[in-house]
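The values are calculated or read from the model by the stated rules, or taken from the named source; none is laboratory data. Just so it is clear, the model here is predicted, and its values are computed rather than measured. Ideal geometry is used to build each Cβ from the backbone, glycine not excepted, and the neighbour counts take in all protein chains shown.
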Amino acid sequence: MKKIILSFVFLAFFYQSFGQHAIIPTPVNFSSTHNSFILENGVSLYLDSNNADVIEYAKQFKYFLSQSDLNVAIQNSNKKGKKIQLSLLKNKNAELGKEGYTLEVNQNEINLVANEPAGIFNAIQTLKQMIPLETANSETKSFEIMGCEITDYPRFGWRGLMLDVSRHFFTVAEIKAYLDKMSEYKFNVFHWHLTDDQGWRIEIKSYPKLTEVGAWRVERHGKFGSDISEPKPGEKATYGGFYTQEQIKDIVNYAADRNITIVPEIDFPGHSMAALAAYPELSVKKEPKYVSPGNEFSEWYGGGKFKMLVENTLNPIDENVYNFIDKVFTEVAQLFPGEYIHMGGDEAYHGYWEENAEVQKFMKKNNIKNSHELQSYFVKRVEKIISKKGKKMIGWDEILEGGLADGAAVMSWRGMKGGIEAAKMGHEAVMTPTTYAYLDYMQGDITVENKIYASLSLEKAYEFEPVPEGVNPKYILGGQGNLWTEAVPTLQFAYYMTYPRAFALAETLWSQKKDKNWDDFVRRTEENMVRFDKEGDNISKAVFDPTVTVYKKDDVVMCKLENSIPNTEIFYSIDNTYPVKFGKKYTGPFQIPSGDLSLRTQTYRDAKPLGRELIIAREDLVKRIKK
Ligand code: ACM
């Protein structure tokens, strides 16, 4: 017995051993030393340049420390004494590139060095994660920062998260909070999905009804697409909101101050019901429309085939549509200084085009053979509009169908194949495959998650590799996680869905491929979960919940429980009792007998429960058996 206890203590010690960092994403080179730095009041924050961005980052860091009652003075002259020094290199270090940095911690100094301000920003994010979760000395408010030498730079230049603000609206303050968090994990692209069937969220001065009408829908509760009814005649549209152009400029600047570029998405020609509620004349049928409150208005037949029961597509043969798009993108291009504008292009229903005589006549006249080619005609015209504004166009991988526009970049979401095809044609691609990067998918057992049609575990998200074999990596800009918000009504739930899977994506997109290590990633994830808890923000702990697999063996129902977290044990019961610690420990597949019973299971480390209890009735277990 003693032996068992000793080995368990040893394991626990090993798990938290000295010299290990908890940085996400893991740095390219990290070596620890014994020269730790005591961060306390009186330490100075010394800038050896007058670069405005570095000054801004120093101010943000000072503010961050002040939240732990630590006051540091920003200095421009190199005084004696303990200091944190931010330096831009006069002779650039090619290894570090634009966003890389070095960070050295010793007894007297912390040195953050980079070629560009972006590198200083990233170095500060690393340093923030090195501040221990507990004060070393609560009376003096001092923190011991582990001595170390770090050299770090990203693998990819596009490290993104997408947030859909159409299905649910997020305020300016909420968007800023979301940006704050993503910048802490070195994401540098915020893909802002601003328009969809359920709301148009960006003020366009030349088309005021887009927000007067398109930003508002009747309020419904319940699950999107299930029992939500369409608006009743005369019913007031009360749910929604939009960002004024002033608010957008503010958010763009806020993001830039956190090394984040915003890629705005205006989704055309499909997903345009909110725009068409405002301007129905831009559709083929020109009939009145409404902003969808989340009611079901499409039928899905599998294999990507679907039908829209309400027209939500722009008319591709109408010059007024192109004038509209031109004006919209003129304003969008002026608001967003980044290189790319996203024009959507996904899931555009062609049925109303196909049944319209005018459209068919136009296709014949212009030798357009099918509706994919017609969409390609539309996308190519949009590409010309966007490139005239000095921007590059990016679109979902449907823009490949019928022929890709010159110069267009592809965002591959239906797996990796769209990105592969684009790269093989010498086009840029961003990888966001559903299989690894869809943050709206369930991350744990269906009994405890908000039910969605698909799942993506943290472990699976960590397996993401953006550069497929045989593809020239120079065309793969990077990747991103996408958070669609049909089932995400609040910022705190957005955090729950985003993290920790975004940690996995951050590590894939920043760290070296060879340095990815699941067990070590989990250890660092657990520490960052504590940070979220302390900050009062949600993070999913679903990774601790067992994966429940049910199968039949010789007509007996068998159950397998798994979890991939080191140093944990799973306890369970099949007699309707709470799965207490020191109860029935899972050691291998077991039989589910007949009877009115539920499987109840809980993960523990030492005597502490981790994650949630799962309670699954026998009848639901049996439904999980694969035929
Ligand atoms: C998408 O998920 N419709 C891009």
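In the list Pro264, Pro288, which residue meets the criterion of being touching a helix residue (DSSP H, G or I) at 6+ places or on another chain (Cβ under 7 Å), within 16 Å of the ligand (Cβ to nearest atom) and either of a type outside the set (A, V, I, L, M, F, W, C) or modelled with pLDDT of 95 or more (or both)? Matching residue, one of Pro264, Pro288: Pro264.
Exactly one residue among Ile204, Ile228 is in contact with an Asp or Glu (Cβ under 9 Å, 6 or more places away or on another chain), of a type in the set (A, V, I, L, M) and surrounded by 19 or more Cβ atoms within 10 Å (Cβ to Cβ), and that residue is Ile204. Going through (1) charged (D, E, K, R); (2) within 30 Å of Phe503 (Cβ to Cβ); (3) assigned to a helix (DSSP H, G or I) one by one, Asp440 falls short only on (3). Does Glu526 satisfy being at pLDDT 95 or above, outside any helix (DSSP H, G or I) and either over 18 Å from Ile565 (Cβ atoms) or more than 16 Å from the ligand (Cβ to nearest atom) (or both)? It is false that Glu526 is at pLDDT 95 or above, outside any helix (DSSP H, G or I) and either over 18 Å from Ile565 (Cβ atoms) or more than 16 Å from the ligand (Cβ to nearest atom) (or both).
Looking across the stretch 326-350, the residues that are farther than 16 Å from Gly402 by Cα and not hydrophobic (A, V, I, L, M, F, W, C) come down to Asp326, Lys327, Thr330, Glu331, Gln334, Pro337, Gly338, Glu339, Tyr340, His342. A single entry from Val72, Val28 fulfils the requirement of being β-branched (Val, Ile, Thr) and in contact with an Asp or Glu (Cβ under 8 Å, 6 or more places away or on another chain): Val28. Looking only at the stretch 255-287, residues that are of a type in the set (Ser, Thr, Tyr) and either exposed (fewer than 15 other Cβ atoms within 10 Å of the Cβ) or out of contact with any Asp or Glu (no Cβ under 9 Å at 6 or more places or on another chain) (or both) come to 1 in all. Taking the stretch 141-219 as the region of interest, the strands (runs of 3 or more DSSP E) fully inside it that hold 1 or more residues being touching a Lys or Arg at 6+ places or on another chain (Cβ under 9 Å) and among the aromatic types (Phe, Trp, Tyr) are 189-193.
Scanning the stretch 423-432 for residues that are of a type in the set (A, V, I, L, M), within 14 Å of the ligand (Cβ to nearest atom) and either more than 14 Å from Gly395 (Cα to Cα) or touching a residue at least 60 places away in the same chain (Cβ under 8 Å) (or both) yields one hit, Val430. For the stretch 443-454, filtering for residues that are within 16 Å of the ligand (Cβ to nearest atom) and surrounded by 15 or more Cβ atoms within 10 Å (Cβ to Cβ) leaves 1.
Among residues of the stretch 8-35 being part of a loop (DSSP other than H, G, I, E, B) and modelled with pLDDT of 95 or more, the one that is farthest from Val522 (Cα to Cα) is Val28. When residues in the stretch 94-112 are screened for being closer than 14 Å to Ile150 by Cα, assigned to a loop (DSSP other than H, G, I, E, B) and more than 30 Å from the chain's Cα centre (by Cα), 1 of them pass.
Against the condition over 16 Å from Glu265 (Cβ atoms), surrounded by 19 or more Cβ atoms within 10 Å (Cβ to Cβ) and among the hydrophobic types (A, V, I, L, M, F, W, C), how does Ile385 come out, does it pass? Steps first, please.
Numbers: over 16 Å from Glu265 (Cβ atoms): no; surrounded by 19 or more Cβ atoms within 10 Å (Cβ to Cβ): yes; among the hydrophobic types (A, V, I, L, M, F, W, C): yes.
Considered against the rule, which asks whether it is over 16 Å from Glu265 (Cβ atoms), surrounded by 19 or more Cβ atoms within 10 Å (Cβ to Cβ) and among the hydrophobic types (A, V, I, L, M, F, W, C), Ile385 comes out as no.
Every residue, every condition in (1) farther than 22 Å from Leu335 by Cα; (2) in contact (Cβ under 8 Å) with a residue 12 or more places away in the chain; (3) in contact with a His (Cβ under 8 Å, 6 or more places away or on another chain), yes or no:
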site	(1), (2), (3)
Lys232	yes, yes, no
Lys236	yes, yes, no
Thr244	no, yes, no
Asn259	no, yes, no
Val263	no, yes, yes
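Is at least one residue of the stretch 291-300 of a type in the set (S, T, N, Q) and at pLDDT below 95? Yes, the stretch 291-300 contains at least one residue that is of a type in the set (S, T, N, Q) and at pLDDT below 95.
Looking across the stretch 297-311, the residues that are in a loop (DSSP other than H, G, I, E, B) and within 16 Å of the ligand (Cβ to nearest atom) come down to Phe297, Gly303, Gly304. There is at least one residue in the stretch 503-515 that is in contact with a Leu (Cβ under 7 Å, 6 or more places away or on another chain) and under 20 Å from Pro566 (Cα atoms). Taking the criterion of being in a loop (DSSP other than H, G, I, E, B) and within 16 Å of the ligand (Cβ to nearest atom), the residues of the stretch 267-285 that qualify are Pro269, Gly270, His271, Ser272.
With respect to the conditions (1) surrounded by 19 or more Cβ atoms within 10 Å (Cβ to Cβ); (2) within 15 Å of the ligand (Cβ to nearest atom), Thr435 lacks only one, and its number is (1).
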